[in-house]
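This report concerns only the one structure given below.
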Amino acid sequence: MMPDPVEIAFVIAKIGMVLFVILTLAAYLVYAERRLLAWIQDRKGPNRVGPQGLLQPLADLVKLLTKEDVCPPAGDRWLFFLAPAMAAIPAIMTFAIVPFGAPLRLAGRDLPLQVADLNVGLLLFMALSSIAVYGVALGGWASNSKYALLGSLRGLAQLISYELSMGLSLVPAVMLARSFRLSDIVAAQAGCWFILYQPLAFVVFLVSILAECKRIPFDLPEAEGELVAGFHTEYSGMRFGLFFVGEYINIIVLGGLAATFFLGGWHGPVLPGILWFWGKALAFAFLFIWIRGTLPRLRYDQLMHFGWKVLTPLALVNILATAWWLFLTGGA
């Protein structure tokens, strides 16, 4: 069967739009965070480059591109250069499975606003989030620095621990939607969002993605008071910037996934679905920034205790309760 040229062109357009929107939002999320934190802390923030500092992300990009890119003499050169890409690329790839709007009617057919509508989309998300762990691990190992290595070991333990609770928190959503396909999970919330059925799963997922993003109060891999800058201590120039681009892309992607799994995705009244989706995703980004400006950093033992002894048991109990409720109501 010959491929449909309309569908091919639409897929290419979606890929280009997703890349443009994600990278632009990541750049301006840095600006928004600096302005919001300045407001929370009663200071001005960036306001010199362009009107209200709106060109600050462009100035930061020029600065990073013109800085010298160095590798420690005793470091593993190839792994050192590979690590930043492994931190950013999986986050961008994850957004390919996220439905960010209602299907678009074009040329007599319904074309989904989603790059790839896979029947195992949730499993692909978990796989890609696991691959992102290697960016932290390789960055610390390849630097041949004790501070970077300690930061990467912390990051590995943290990310693996909180991936477990994150995955378990999504099991009830799969049970309610009876599908791993993200478009089916969104469609199952057309009448009622899953957050109303699963408030505990939503809280566990929210805390887990905070830890996955290595955001305060879970930023132990980058604890500057203890480890200089953690796993990216030895990086400079654009490779240093790639770690932060990956972090902010991850915030946007995980916020979009939280909206997809628990807040009905693109469903909402009056406004177009694509506006509802992006509004929900950016609301999570604002929440992450607000938490950063409010909470102190946890101790490392508190972080691990909370993940293994609080979140994971709660997620398991919630799965059992959901299964029992489905059985009693005839939904099993």
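Since every read-out is calculated from the coordinates, none of them should be taken as a lab result. Because the structure is predicted, anything quoted here is derived from the model rather than measured. Quick reminder, even Gly has a Cβ in these numbers, built from the backbone with ideal geometry, and neighbours come from all protein chains shown.
Using only alpha-carbon positions, what ratio does the radius of gyration of the stretch 229-271 give when scaled by 2.2 N^0.38 Å?
1.74
Return the FRET efficiency for the residue pair Val203, Met238: r is the Cβ-Cβ distance, R0 is 45 Å, and the value is rounded to the nearest 0.05.
With R0 = 45 Å, the Cβ-Cβ based efficiency is 0.75.
Could you tell me how many cubic angstrom of Cα convex hull volume the stretch 78-128 has per residue?
Expressed per residue, the convex hull around the Cα atoms of the stretch 78-128 is 93 Å³.
May I ask for the percentage of alpha-carbon pairs in the stretch 72-328 that lie more than 26 Å from each other?
In whole percent, the long-distance tail amounts to 42.
State the dimensionless ratio Rg/Rh of the stretch 222-332 (Rg: radius of gyration of Cα atoms; Rh: Kirkwood radius).
Radius of gyration over Kirkwood radius for the stretch 222-332 works out to 1.08.
Which of the listed residues, Phe286, Ser236, Val317, is farthest toward the dipole's positive end in the chain, when Lys, Arg count +1 and Asp, Glu count -1 at the beta-carbon?
Looking along the dipole axis, the top candidate is Phe286.
Which FRET efficiency value, to the nearest 0.05, is calculated for Ile274 and Ala85 with the Förster distance at 30 angstrom and r the Cβ-Cβ distance?
It comes to 0.55.
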